[in-house]
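The values are calculated or read from the model by the stated rules, or taken from the named source; none is laboratory data. What you see is a predicted model; the values in this text were computed from it and never measured. Because the Cβ atoms are built from the backbone with ideal geometry, glycine has one as well, and the counts that use them run over all protein chains shown.
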Amino acid sequence: EAGVVQSPRYKIIEKKQPVAFWCNPISGHNTLYWYLQNLGQGPELLIRYENEEAVDDSQLPKDRFSAERLKGVDSTLKIQPAELGDSAVYLCASSSGTSGRNTGELFFGEGSRLTVL
Amino acid sequence: AQSVTQPDIHITVSEGASLELRCNYSYGATPYLFWYVQSPGQGLQLLLKYFSGDTLVQGIKGFEAEFKRSQSSFNLRKPSVHWSDAAEYFCAVGLNYGGSQGNLIFGKGTKLSVKP
């Protein structure tokens, strides 16, 4: 069974440029998460989807960040424009079920490491 | 507010020695607790989880953790560390929505180094 797939693994851009990250969750997983991991820190939730609905985006900086999961499967996270402080690892995770019947175990991708110069 | 504290930023142990990584949580309801491991450049892998029942839970790679409600702790242990255990370890608490699990709140992690 394929795991959570993310691309690109690494991205280097100049500040004020746009960037997008893509995530394909484990087949059949209804819930998809985007986490931000700064150097030396634990992951912090940006947004959680249940199917195609964003059920928790309270930590997503909406002035520059956007995300979509149009068909309830894969998802894209976009930053426009990027700032120096956005340099971090962006982790995607998925889990089976939804908040009503969720096992609680998240499966993580390898992450997309962003460097903003 | 919910939070997870991992007091040790970095721990070094000798190969073959025992290991205990500390985790304390703050959460108003019955917690769902997790330990994840992250090798350099990799995503997080679940080691073990506690939902209910037996407070001593067994995980993969020979790890175990004990839930102590009175101490709000969920410490991770391994009796004999292998060089391949060198990684970063994250404790997490699951937010409980009406009896089911939602987001995870992670601690800042403990980096484990293993010396020969």
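Worth a mention:
- On the stretch given as segment A:37-61, residues that are within 11 Å of chain B (Cβ to nearest Cβ), of a type in the set (A, V, I, L, M, F, W, C) and under 12 Å from the mean Cα position of the chain (by Cα) total 3.
- Considering A:Ser27, A:Ser87, A:Ser75, A:Ser66, the condition of being surrounded by fewer than 17 Cβ atoms within 10 Å (Cβ to Cβ) and either among the β-branched types (Val, Ile, Thr) or closer than 24 Å to B:Tyr36 by Cα (or both) is satisfied by A:Ser27 alone.
- Flag if A:Trp34 is aromatic (Phe, Trp, Tyr), buried (at least 22 other Cβ atoms within 10 Å of the Cβ) and either closer than 11 Å to A:Leu77 by Cα or modelled with pLDDT of 95 or more (or both): yes
- Unmet criterion (only one of (1) within 14 Å of chain B (Cβ to nearest Cβ); (2) under 10 Å from the mean Cα position of the chain (by Cα); (3) more than 23 Å from B:Gln2 (Cβ to Cβ)) for A:Leu77: (1)
- The criterion of being among the aromatic types (Phe, Trp, Tyr), surrounded by 14 or more Cβ atoms within 10 Å (Cβ to Cβ), in contact (Cβ under 8 Å) with a residue 60 or more places away in the chain and assigned to a strand (DSSP E or B) holds for B:Phe34.
- Hey, A:Ser94 within 14 Å of chain B (Cβ to nearest Cβ) and within 17 Å of B:Gln45 (Cα to Cα) or not: yes
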